[in-house]
Amino acid sequence: MPFLSAAAAAACVVFLVTGALALQQPRPYPSYWLPHERDALLVFKQAITSDPAGILASWPERDDHHRHEQDCCRWRGVRCSNKTGHVLELDLRNVGLVGEISNSLLSLEHLQHLDLSMNNLEGSTGRVPEFLGSLENLRYLNLSGILFSGTVPPQLGNLSKLQYLDLSAMGDVRSTDVSWLTRLQFLLYLDLSWVNLSTVSDWPRVLNMIPSLKELHLSYCSLASANQSLTHLNFTGLEVLDLYNNDFEHSIESCWFWNIRNLKYLNLAGCSLYGRFPAALEQMTSLRVLDFSDNHGERKRNMTVNLKKLCKLEILNLQESRSYGDVTELFDKLPVCSSNKLKELHLGSNNLTGVFPNWMGQLTALVILDLRGNNISVPLPAFIGQLAALRTLDLSHNHLDGVITAEHFFNAKSLQYIDLSHNFLKIEISKEWQPPFRLSTAMFASCQLGPLFPAWLQWQVDIVYLDLSRTGIAGTLPQWFANTFSNAIDLDLSNNQINGVLPRNMDSMSLSYLHLGSNQLTSQIPPLPRNLTYLNMSMNSLSGPLPTDFGFPYLQVLSLFSNQITGYIPRSICKYRISVLELSNNNFSGKFPSFVQNCTALQVLDLAGNKFYGRLPPWIGNLKSIRFLRLRRNMFSGNISIDMTSLKCLQYLDIAHNGISGSLPRNLIGAMGSLESLDLSRNKLSGEIPESLSNLTFLSYMGLSYNNLAGRIPSGSQLDTLYSENPAMYTGNAGLCRPPLQKNCSRNDLSKKGHTEINEDHGQDFFYVGVECGFIVGLWVVFCTQLLKEGWRIAYFHLSDKVCDNLFVLMVVSSVFWQDLPRR
């Protein structure tokens with residue numbers, strides 16, 4: 001009996017567990033499916049021309065042998081009713097579909113949820129399908145991110161059961177009449193962001209007729225005004241109002257929405273509103289987010305309204321709102337409730353002055369404090385260290401002074417981002433101090449951290465962005481440098497006195513941006529991180545040749561000017577689309593590197609002050625994007641190629657102090673219409689100055705001194721202005737004449753040019769003299785021949801008679817033809 005009782009008990013347990021597990025399993029869809037709805041989905045699939053993610057691969061064609069796969073309720077993106085099997089939901093958002101939306105969806109009569117957002121389903125017409133307004137059971141419709149054009153179809157107003165409508169970011173879509181929205185009486189969420197509503201003036205009145213509305217997003221709608229008056233507010237349940245970046249340009253006090261007491265989120269950023277906040281703001285106690293940033297109205301505003309009652313406020317953004325006044329007064333108007341919830345305070349780029357109030361330490365929930373770009377000029381208070389939740393502290397570009405010690409960070413456990421750059425702060429922290437935080441961004445530019453490299457940074461192994469430029473750091477880089485900052489992407493140590501050699505293990509770092517310019521680094525450049533896109537080690541004392549594999553797959557900017565580097569430029573530099581190559585004032589040598597012609601994305605090429613030699617290559621004209629070309633103080637020779645006329649983007653050309661000879665092509669300089677600075681001085685150029693130089697309207701500097709140029713100087717107000725600013729621009733060219741020089745152009749001056757520089761008028765005289773002499777000599781030859789030879793004389797007159805007879809016949813025939821022509 002005990003055994004049977006135990007067995008019975010075990011059986012009961014198994015039964016109960018099995019039943020419980022069975023109850024936890026999701027109920028399967030019905031074994032039947034509705035063929036006409038499946039067929040409608042397959043027709044929808046046929047209108048899709050591309051499905052890169054393979055989402056519709058689970059939608060097979062009819063196959064009676066695989067009946068289970070024909071159950072469309074099991075297809076990806078499709079959800080059906082557990083009771084009826086009807087398709088209720090089609091969710092294919094952001095899967096990369098290309099094609100159009102088929103009207104076969106009309107067969108899904110029970111469809112409640114349709115999300116096709118972030119696909120390329122604009123089709124051949126590019127317009128929002130009007131038939132969507134016939135899906136009368138829809139409660140959710142999201143077409144955002146589909147690049148439609150044209151107007152929003154008012155047929156969408158027939159979706160009387162709709163609760164959620166998102167038509168945002170649909171490309172060039174507009175609406176001149178939004179009255180159809182009033183028929184959507186159950187609408188809770190409406191997003192028309194980026195729909196052009198510039199001609200709709202009564203939008204507040206229309207939306208006020210939808211009492212159910214809770215969220216309204218109208219950012220980037222080109223709305224012209226928000227100062228309409230509403231005698232009675234119907235949508236008092238509105239919680240979210242987003243009007244970001246519209247064109248109101250009127251007083252903020254006149255806006256219609258200040259009496260909506262239930263608002264939790266109000267975004268008025270970038271709306272060009274001005275003036276003071278209305279007193280009604282004090283009563284909006286439900287507000288959690290107030291964003292008034294980027295309002296650049298002409299008038300400055302003082303924060304006179306009191307926000308102390310807004311105890312639920314979590315985010316206050318007044319960045320770049322032209323606010324002014326004492327920062328203490330502004331802080332005194334912030335909520336300091338017992339259950340303070342303020343998490344983000346953005347007050348950057350205003351005109352705030354004064355000191356920090358002592359009670360700031362009570363903002364224990366504060367996560368972001370942004371006061372950058374103001375005029376605060378006091379020491380940083382130590383109570384900043386009490387803000388244990390603080391993750392972001394940005395006080396950059398102020399006038400803060402004083403000393404920062406470890407006490408300022410004693411409880412900053414959550415700190416990840418700190419920017420104190422461009423102040424007058426001195427940071428004195430013991431090298432034994434271990435900070436309680438792990439920074440990802442540390443910006444201390446222009447603060448005083450030196451002379452030793454800050455030892456407390458060795459614990460910041462999560463650093464991604466580090467700026468220690470102009471911080472007075474001297475000595476060598478620490479041994480732990482490359483290992484500690486192995487995850488860093490952006491590193492700026494420029495304008496210090498760092499000396500010695502670079503660490504040998506820097507190639508293991510993840511750096512993309514490295515700026516070590518204006519230091520005292522020596523020796524040869526070691527292997528560097530391969531992910532670099534920006535490398536600046538200019539103005540150091542680096543020496544030796546560059547490694548032969550000194551190329552980086554993604555390098556765009558390479559600046560090594562003003563060092564002592566020798567040897568050749570490695571061919572590997574042009575592996576990627578490098579746009580800036582600055583190698584001036586080194587000791588590079590050799591011929592002009594021909595592989596540079598493969599750097600077709602170059603915009604800046606500076607090889608000045610080296611020992612390059614050889615002819616100036618014509619392929620320089622292939623560098624179509626070049627804007628800055630500086631080759632001065634080398635040993636280049638040869639002529640300036642006519643191919644350089646194709647450099648239409650060139651703004652700065654300096655090939656002075658070389659051995660370039662020949663004349664300037666007449667259309668060379670005139671074709672470079674963007675030139676702002678031109679220096680060809682101290683070469684061996686000869687010939688005339690092209691007249692086309694006077695066409696360079698953007699030219700602000702020109703140097704042609706110390707060449708062998710001769711002839712007339714082109715006239716023009718532009719060249720006269722340049723001469724008045726630089727009277728030495730023609731110095732050292734003895735053959736030049738005509739104003740602005742004192743030397744006139746006499747015939748003796750012109751005769752010294754040589755046969756290639758003869759004046760055009762003089763050349764025409766020689767031409768006519770030659771023609772006249774030839775005519776006289778030829779006439780005398782014919783006359784003398786006939787005089788001395790009787791046979792030649794008789795033949796000549798016989799030929800003359802024959803020619804005259806032929807001419808007579810030709811004239812008669814032509815006369816008859818022309819007289820008869822009108823009658824034909």
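The values are calculated or read from the model by the stated rules, or taken from the named source; none is laboratory data. Note that the structure is a prediction, hence the values are computed from the model and not measured. So basically every Cβ, Gly included, is an ideal-geometry build from the backbone, and we count neighbours across all protein chains shown.
Of the residues that sit in region 22-59 and are modelled with pLDDT of 85 or more and assigned to a loop (DSSP other than H, G, I, E, B), which one is farthest from Leu88 (Cα to Cα)? Looking at residues that are modelled with pLDDT of 85 or more and assigned to a loop (DSSP other than H, G, I, E, B), I get Pro52.
Determine, yes or no, whether Phe592 is among the aromatic types (Phe, Trp, Tyr), closer than 24 Å to Gly551 by Cα and in the same structural domain as Gln718 (by TED's automatic domain parsing).
On the way: among the aromatic types (Phe, Trp, Tyr): yes; closer than 24 Å to Gly551 by Cα: yes; in the same structural domain as Gln718 (by TED's automatic domain parsing): yes.
Yes.
Considered as a group, the residues in region 334-376 that are among the small types (Gly, Ala, Ser) and in contact with a strand residue (DSSP E or B) (Cβ under 7 Å, 6 or more places away or on another chain) include one that is modelled with the highest pLDDT, and that residue is Gly348. Residues that are modelled with pLDDT of 95 or more and on the phi > 0 side of the Ramachandran plot: does region 210-217 have at least one? Looking through region 210-217, none of the residues is modelled with pLDDT of 95 or more and on the phi > 0 side of the Ramachandran plot. Among the numbered conditions (1) surrounded by fewer than 16 Cβ atoms within 10 Å (Cβ to Cβ); (2) of a type in the set (D, E, K, R); (3) at pLDDT 95 or above, the only one that Arg261 does not meet is (3).
In this structure, is Leu318 crowded, with 19+ Cβ neighbours inside 10 Å and farther than 22 Å from Thr285 by Cα? It is false that Leu318 is crowded, with 19+ Cβ neighbours inside 10 Å and farther than 22 Å from Thr285 by Cα. Against the test of being over 22 Å from Leu366 (Cβ atoms), buried (at least 20 other Cβ atoms within 10 Å of the Cβ) and in contact with a helix residue (DSSP H, G or I) (Cβ under 9 Å, 6 or more places away or on another chain), the options Leu223, Leu290, Leu307, Leu243 yield a single qualifying residue, Leu223. Here Ser251 fits the description: in contact with a Gly (Cβ under 7 Å, 6 or more places away or on another chain) and surrounded by fewer than 20 Cβ atoms within 10 Å (Cβ to Cβ).
Looking only at region 655-676, decide whether some residue is without any contact (Cβ under 8 Å) to a residue 24 or more places away in the chain and in contact with a Ser or Thr (Cβ under 6 Å, 6 or more places away or on another chain).
No.
In the set (1) surrounded by 20 or more Cβ atoms within 10 Å (Cβ to Cβ); (2) touching a residue at least 40 places away in the same chain (Cβ under 8 Å); (3) in contact with a Lys or Arg (Cβ under 9 Å, 6 or more places away or on another chain), the condition left unmet by Ser349 is number (2).
Within region 620-712, which strands (runs of 3 or more DSSP E) (wholly inside it) include 1 or more residues that are at positive phi?
Values: elements: 628-630, 635-638, 652-654, 659-663, 677-679, 684-687, 701-703, 708-712.
Ranges flagged: 635-638, 659-663, 684-687, 708-712.
Of the residues making up region 305-352, those that are under 20 Å from Asn295 (Cβ atoms) and either in contact with a Cys (Cβ under 7 Å, 6 or more places away or on another chain) or β-branched (Val, Ile, Thr) (or both) are Val305, Ile315, Val327. Residues of region 1-16 include none that is in contact with a strand residue (DSSP E or B) (Cβ under 8 Å, 6 or more places away or on another chain) and either modelled with pLDDT of 50 or more or assigned to a helix (DSSP H, G or I) (or both).
Residues in region 363-381 that are buried (at least 17 other Cβ atoms within 10 Å of the Cβ) and either on the phi > 0 side of the Ramachandran plot or among the polar types (S, T, N, Q) (or both): 2 in all.
Listed by position, the strands (runs of 3 or more DSSP E) inside region 501-571 whose residues that are among the small types (Gly, Ala, Ser) and surrounded by fewer than 20 Cβ atoms within 10 Å (Cβ to Cβ) number at least 2 are 541-545. Restricting attention to region 426-481, the residues being out of contact with any helix residue (DSSP H, G or I) (no Cβ under 8 Å at 6 or more places or on another chain), closer than 22 Å to Pro381 by Cα and of a type in the set (Ser, Thr, Tyr) number 3.
Could you tell me which residue of region 333-392 is nearest to Arg438 (Cα to Cα), considering only residues that are of a type in the set (D, E, K, R) and touching a Gly at 6+ places or on another chain (Cβ under 8 Å)? Talk me through it step by step, then tell me what you get.
Start the filter on region 333-392 by keeping residues that are of a type in the set (D, E, K, R), which leaves 333, 341, 343-344, 370, 372, 391.
Applying the additional criterion that residues be touching a Gly at 6+ places or on another chain (Cβ under 8 Å) yields 370, 372.
Numbers: Asp370: 19, Arg372: 22 Å.
Filtering first and then ranking leaves Asp370.
Within region 546-565, the set of residues being modelled with pLDDT under 95 and either closer than 19 Å to Ser589 by Cα or among the polar types (S, T, N, Q) (or both) comprises Leu546, Pro547, Thr548, Asp549, Phe550, Gly551, Gln556. Just to be sure, is Ser414 touching an Asp or Glu at 6+ places or on another chain (Cβ under 8 Å) and either polar (S, T, N, Q) or outside any loop (DSSP other than H, G, I, E, B) (or both)? So Ser414 fails the test.
When region 576-615 is filtered for residues that are at pLDDT below 90 and either in contact with a Pro (Cβ under 6 Å, 6 or more places away or on another chain) or part of a loop (DSSP other than H, G, I, E, B) (or both), the ones remaining, listed by number, are Tyr576, Arg577, Phe592, Pro593, Cys599, Thr600.
Listed here are the residues, each with its yes/no results for (1) among the β-branched types (Val, Ile, Thr); (2) touching a Phe, Trp or Tyr at 6+ places or on another chain (Cβ under 9 Å); (3) not in a strand (DSSP E or B).
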{"site": "Asn259", "(1), (2), (3)": "no, no, yes"}
{"site": "Ser272", "(1), (2), (3)": "no, yes, yes"}
{"site": "Arg276", "(1), (2), (3)": "no, no, yes"}
{"site": "Val305", "(1), (2), (3)": "yes, yes, yes"}
{"site": "Lys308", "(1), (2), (3)": "no, no, yes"}
{"site": "Lys312", "(1), (2), (3)": "no, no, yes"}
{"site": "Glu320", "(1), (2), (3)": "no, no, yes"}
{"site": "Thr328", "(1), (2), (3)": "yes, yes, yes"}
{"site": "Phe331", "(1), (2), (3)": "no, yes, yes"}
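Would a scan of region 445-462 turn up a residue that is modelled with pLDDT of 95 or more, closer than 28 Å to Leu345 by Cα and outside any loop (DSSP other than H, G, I, E, B)? Yes, region 445-462 contains a residue that is modelled with pLDDT of 95 or more, closer than 28 Å to Leu345 by Cα and outside any loop (DSSP other than H, G, I, E, B).
Taking region 426-447 as the range and being within 15 Å of Ile473 (Cβ to Cβ) and either of a type in the set (D, E, K, R) or more than 33 Å from the chain's Cα centre (by Cα) (or both) as the test, the residues that pass are Lys426, Ile427, Glu428, Ile429, Lys431. Yes or no: Asp172 surrounded by 20 or more Cβ atoms within 10 Å (Cβ to Cβ), under 32 Å from the mean Cα position of the chain (by Cα) and charged (D, E, K, R)? Taking the combined requirement at face value, the residue does not satisfy it.
Tell me the residue from Leu583, Leu678 that is surrounded by 15 or more Cβ atoms within 10 Å (Cβ to Cβ) and farther than 28 Å from Gly544 by Cβ, please.
On the way: Leu583 fails: farther than 28 Å from Gly544 by Cβ.
Selected residue: Leu678, the only one of Leu583, Leu678 that is surrounded by 15 or more Cβ atoms within 10 Å (Cβ to Cβ) and farther than 28 Å from Gly544 by Cβ.
If you take just the strands (runs of 3 or more DSSP E) that sit entirely in region 102-185, which of them hold at least 1 residues that are under 30 Å from Asn82 (Cα atoms) and assigned by TED's automatic domain parsing to the domain that holds Thr84?
Working: elements: 113-115, 140-142, 148-151, 164-166, 171-174.
Fully inside region 102-185 and qualifying: 113-115.
Looking at region 60-92, which of the residues that are surrounded by 16 or more Cβ atoms within 10 Å (Cβ to Cβ) and part of a loop (DSSP other than H, G, I, E, B) is modelled with the lowest pLDDT? Here the answer is Asp71.
Can you find a residue that is touching a residue at least 40 places away in the same chain (Cβ under 8 Å), of a type in the set (Asp, Glu) and under 21 Å from Leu532 (Cα atoms) anywhere in region 471-490? No, the conditions are met nowhere in region 471-490.
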